[in-house]
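Everything on this sheet refers to the single structure shown next.
The values are calculated or read from the model by the stated rules, or taken from the named source; none is laboratory data. Just so you know, these numbers come straight off a predicted model, no measurement behind them. When we count neighbours, we look across all protein chains shown, and the Cβ atoms used for this are built from the backbone with ideal geometry, even at glycine.
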Amino acid sequence: MPTFTMHVFRGEGRTGGFTEYKVDVDTGMVVLDVIHRIQATQAQDLAVRWNCKAGKCGSCSAEINGKPRLMCMTRMDLFTEGEAITVAPIRAFPWIRDLVTDVSYNYEKARQLPPLRPKPPEADGTHRMMQEDIDRIQEFHKCIECFLCQDVCHVIRDHEENKKVFAGPRFFIKAAGLDMHPLDTREDRRAWVKDVGGVGLCNITKCCTEVCPEHIHITDNGIIPLKERVADDMDPIVSLLRKFRGQKTS
Amino acid sequence: MANHEYETHEHDVIVIGAGGAGLRAAIEAAAAGVSVGLVCKSLLGKAHTVMAEGGIAAALGNVWPEDNWQVHFRDTMRGGKMLNNWRMAQLHAQEAPERVLELERWGALFDRTKDGRILQRDFGGHRYARLAHVGDRTGLEMIRTLQYHGIHQGIDVYMECTITRLLKEGDRVVGAVGYWRESGKVVVFKAKAVVLATGGIGKAWKITSNSWEYTGDGHSLAMWAGADLIDMEFVQFHPTGMVWPPSVRGILVTEGVRGDGGTLKNSEGKRFMFNYIPEFFKGETADNEEEADRWYADKKNNRRTPDLLPRDEVARAINAEVKAGRGSPHGGVFLDICTRRPADYIRKRLPSMYHQFKELAGVDITSEPMEVGPTCHYVMGGVRVDADTAQSTVKGLFAAGEVAGGMHGSNRLGGNSLSDLLVFGRRAGLHAALYAKNFAGALTVDAGQVEQAARQMLAPFERAGGENPYTIQSELQETMHTLVGIIRNEAELKEAATRIERLKERARKVRVEGHRQYNPGWHTALDLESLLAVAECSAMAALERKESRGGHTRDDHPYTDDTWGKLNVVLRWKDGRVQVSREPLPEMPAELKALFQERK
């Protein structure tokens, strides 16, 4: 059984630093298993968020060797024995304790985003939607809200002041998904994306796409088309044309 | 000491738990015009519902127009070996389609049929393809839809807040006490009605698909407040959990793999399920491979593949194959879809299974079989409720979803959980709101009860020399796994009861390190109380029921017994102890009984 040296960020409030733990690692273990082993045997009060341990709930986000990842989907055999491994909290959000941060920023943005306003159902009370019309949106619905894309986004990561005026990649794909939803009739969401969500601040460095554990093409399929539609809204001719075709205007 | 020093919130209705049932209950209560608080142990949107993969069972009849609520009702009752509360099963089958359509109106995007309607997939025990789904991440779609609909309904959400006691005034529930996980501070909720939607108890077992949250909180809170629990002996072991590597053992592999054409094979390459078709299901199950394979496309002229027998049957069969020495290298059996369906189809239909095996086990399921084995998944038993109102036997206390008992009888069919959450979540929210509107007298909570709960919460910090809570938790999991597992007997169950008693003793002296702020050691210590309580309930009910049925198999009483088929095992808290009794099952009316005579 190989032994690994883990450097886990510990502390609370304003004071913290890496604490070293030596841990025996079994076949197939992931970083979250190692954290649990430290809890059970060396530091029972080591604070960490987790739920499903299968990459589906997005609770155990952390920065492992500096890279934003899910602890439950990061296998220990990525590392070589003897290699020092650091585990730190996602740092774009206020720190609470050890590996836990205050992610309430995301829940505030979620509440602000104008929700779906569906058109009425057909006579039989159901809706008809074609698979090809929802494939792209289903991709956005894969989001597990791990907020790694938010964590890595330099607009807010290094600029606390931008949080007030920037919703972040998670909520751009949420907005894109709603905007492209076949049932949606909302006209004011794109204005929100531009004026409140601050999509203009995104300069498409694709960091969010790179860290997405669900491999959602956040930038190419979500943000860029959204930016284009927002830009079209500003263009009176395109806007008029859309109205003429019965498409959504804003 | 007066309780005014504690942070206090007041609502007409509080809902404890924010998975599918809790969210749906909160939405309905808010729609009824009352003030609603939604309290959850984790962050919003992280509840166990996200783990549900296969789909929501509802007789929409989109793929098979022959399907209707009567067929769904019949499948559900047969899957539960007729021990279900018939009225719950009826309401569930009748209302599930509307609940699915409602989810769609709130933004859920299910996979579509060619003509643009909701596509439905095959699942174990369902006569027709019935599960509305989104690939293999249906639960995620459901919770996200409810979450984003719910946050605009004026519901106050209390995240990362654990409830440890319900508050009572006379014979009615009037609130709850708990603590904020982040600060460790005590918080009091005054409420005219309380809805429990806390999920299950699976964390009491070693190999489980359930997360840390599944510690039976709602079951225990209800029992301690005087409510009845029923059917606690019935625990579902999902037949297909991952078995390798050890660290992922127990993680769920959706039944959708078999629904979409996958088959179970033993080490000899044989499709062994044909050897395990019980008499009860012979009439509707294919007895040869050709018919089983034809069934996927032609359900009218062929019987269902035995790979899709109800979960209890499949779990026992896998258990028997492994015991007979025909298991896979790591103690499971093989689940093969790669030789049966094209790689593109597998990736499209089962994307998260594909990633799960690729990333956690290094297995490519489009070219290799999976290794799978039973994992503790779901408890059929729970709070005894009135079918129509979801009210427990205690006034003002409602329960919905996994924490409620009766709906699934002795075994739940796959896909019936998500629909259960929606149907009874809505009913619980509605009736809790109505109850709150008719609440008579002043809403007052007893400071003494609050104080006692607060003292119990903080006790682990004041002890010296006790044990680490994780040690006790893992010994309990080992005990339940070896002695209250898939196959049980009297001697082992008695031994389990003795060991649980000793663990309770040790848990009372458990020691916690550090301070109250976000301290998982402390949280685990507090969760132990409910975890041990539900483990005890499950072992005692299992000892009481001297027959085998659904999710309860006794090798000393290997057959189903008609006398037991008319009885629920009921558990009640009396004088600080669990009391066990047997009570008659509600009798099904004649017109519903007739549904079972039409077709064998």
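Could you tell me how many of the residues in the range B:46-92 are over 25 Å from B:T389 (Cα atoms) and outside any loop (DSSP other than H, G, I, E, B)? Result for the range B:46-92: 2. Of the candidates B:V195, B:V235, B:V177, B:V186, the single residue that is closer than 30 Å to A:L116 by Cβ, β-branched (V, I, T) and touching a Phe, Trp or Tyr at 6+ places or on another chain (Cβ under 8 Å) is B:V195. B:Y518 meets the conditions (1) under 30 Å from A:D98 (Cα atoms); (2) of a type outside the set (S, T, N, Q); (3) in contact with a helix residue (DSSP H, G or I) (Cβ under 7 Å, 6 or more places away or on another chain); (4) surrounded by 19 or more Cβ atoms within 10 Å (Cβ to Cβ) in every case but one. The failed one is (3). Of the helices (runs of 4 or more DSSP H) lying entirely inside the range B:298-367, those carrying at least 3 residues that are crowded, with 20+ Cβ neighbours inside 10 Å are B:311-323, B:351-361. Among the residues of the range B:51-97, those that are modelled with pLDDT of 95 or more, within 10 Å of another protein chain (Cβ to nearest Cβ) and in contact with a helix residue (DSSP H, G or I) (Cβ under 9 Å, 6 or more places away or on another chain) comprise B:L60, B:P97.
Against the conditions (1) more than 8 Å from every other protein chain (Cβ to nearest Cβ); (2) over 18 Å from B:D67 (Cα atoms), B:G107 satisfies every one except (1).
Restricting attention to the range A:113-169, the residues that are out of contact with any Leu (no Cβ under 8 Å at 6 or more places or on another chain), of a type in the set (G, A, S) and at pLDDT 95 or above add up to 1.
In the set (1) exposed (fewer than 14 other Cβ atoms within 10 Å of the Cβ); (2) without any contact (Cβ under 8 Å) to a residue 24 or more places away in the chain; (3) closer than 20 Å to B:L483 by Cβ, B:K574 fails one condition alone, (3). A single entry from A:V100, A:V87, A:V48 fulfils the requirement of being more than 9 Å from chain B (Cβ to nearest Cβ), crowded, with 22+ Cβ neighbours inside 10 Å and modelled with pLDDT of 95 or more: A:V87. Being away from chain A (no Cβ under 14 Å), outside any helix (DSSP H, G or I), closer than 29 Å to B:A315 by Cβ and charged (D, E, K, R) narrows it down to one residue among B:E547, B:E501, B:E495; which is it? B:E547 is the lone residue from the list that is away from chain A (no Cβ under 14 Å), outside any helix (DSSP H, G or I), closer than 29 Å to B:A315 by Cβ and charged (D, E, K, R). Count of the range A:108-136 residues, restricted to those that are assigned to a helix (DSSP H, G or I), farther than 12 Å from A:L183 by Cα and at the interface with another protein chain (Cβ under 7 Å from one of its Cβ atoms), is 3.
What are the residues in the range B:513-527 that are under 22 Å from B:L221 (Cβ atoms), facing chain A (nearest Cβ under 7 Å) and assigned to a loop (DSSP other than H, G, I, E, B), if any? B:N519, the sole residue that qualifies. Of all the numbered requirements in (1) facing chain B (nearest Cβ under 7 Å); (2) closer than 30 Å to B:S352 by Cα; (3) free of Cβ contacts under 8 Å to residues at least 40 places away in the same chain, A:N65 misses one, and that requirement is (1).
Listed by first and then second residue, the pairs linking a residue in the range A:148-160 that is more than 12 Å from A:C212 (Cβ to Cβ) and free of Cβ contacts under 8 Å to residues at least 12 places away in the same chain to a residue that is in a helix (DSSP H, G or I) and among the hydroxyl-bearing types (S, T, Y), with Cβ atoms under 6 Å apart and 6 or more places separating them unless they lie on different chains, form an empty list. Against the condition modelled with pLDDT of 95 or more, of a type in the set (D, E) and within 16 Å of A:T5 (Cα to Cα), how does A:D77 come out, does it pass? No; evaluated as a whole, the condition is false for this residue. Comparison of A:C146, A:C208 shows that the only residue that is touching a strand residue (DSSP E or B) at 6+ places or on another chain (Cβ under 7 Å), under 30 Å from B:R347 (Cα atoms), buried (at least 23 other Cβ atoms within 10 Å of the Cβ) and hydrophobic (A, V, I, L, M, F, W, C) is A:C146.
Identify, from the list B:G124, B:G116, B:G139, the residue that is within 9 Å of chain A (Cβ to nearest Cβ), within 23 Å of the chain's Cα centre (by Cα) and either buried (at least 23 other Cβ atoms within 10 Å of the Cβ) or not in a strand (DSSP E or B) (or both). Quick ask: steps written out before the conclusion?
Working: B:G124 fails: within 9 Å of chain A (Cβ to nearest Cβ); B:G116 fails: within 23 Å of the chain's Cα centre (by Cα).
Selected residue: B:G139, the only one of B:G124, B:G116, B:G139 that is within 9 Å of chain A (Cβ to nearest Cβ), within 23 Å of the chain's Cα centre (by Cα) and either buried (at least 23 other Cβ atoms within 10 Å of the Cβ) or not in a strand (DSSP E or B) (or both).
If you check every pair at least six apart or on different chains, which have Cβ atoms under 6 Å apart with a residue in the range A:34-60 that is in a loop (DSSP other than H, G, I, E, B) first and a residue that is among the hydroxyl-bearing types (S, T, Y) second? Pairs found: A:Q42/A:Y21; A:A47/B:Y518; A:R49/A:S59; A:W50/A:S59; A:N51/A:S59; A:N51/B:S42; A:N51/B:S211; A:C52/B:S211. If only residues of the range B:177-212 that are among the small types (G, A, S) and farther than 30 Å from B:G331 by Cβ are counted, the one that is surrounded by the fewest Cβ atoms within 10 Å (Cβ to Cβ) is B:S183. With the structure loaded, tell me whether A:R136 is surrounded by fewer than 18 Cβ atoms within 10 Å (Cβ to Cβ), of a type outside the set (D, E) and without any contact (Cβ under 8 Å) to a residue 12 or more places away in the chain or whether it fails that test. The answer is no for A:R136. Of the residues making up the range B:458-468, at least one is over 25 Å from the mean Cα position of the chain (by Cα), farther than 30 Å from B:R582 by Cα, aliphatic (A, V, I, L, M) and part of a helix (DSSP H, G or I).
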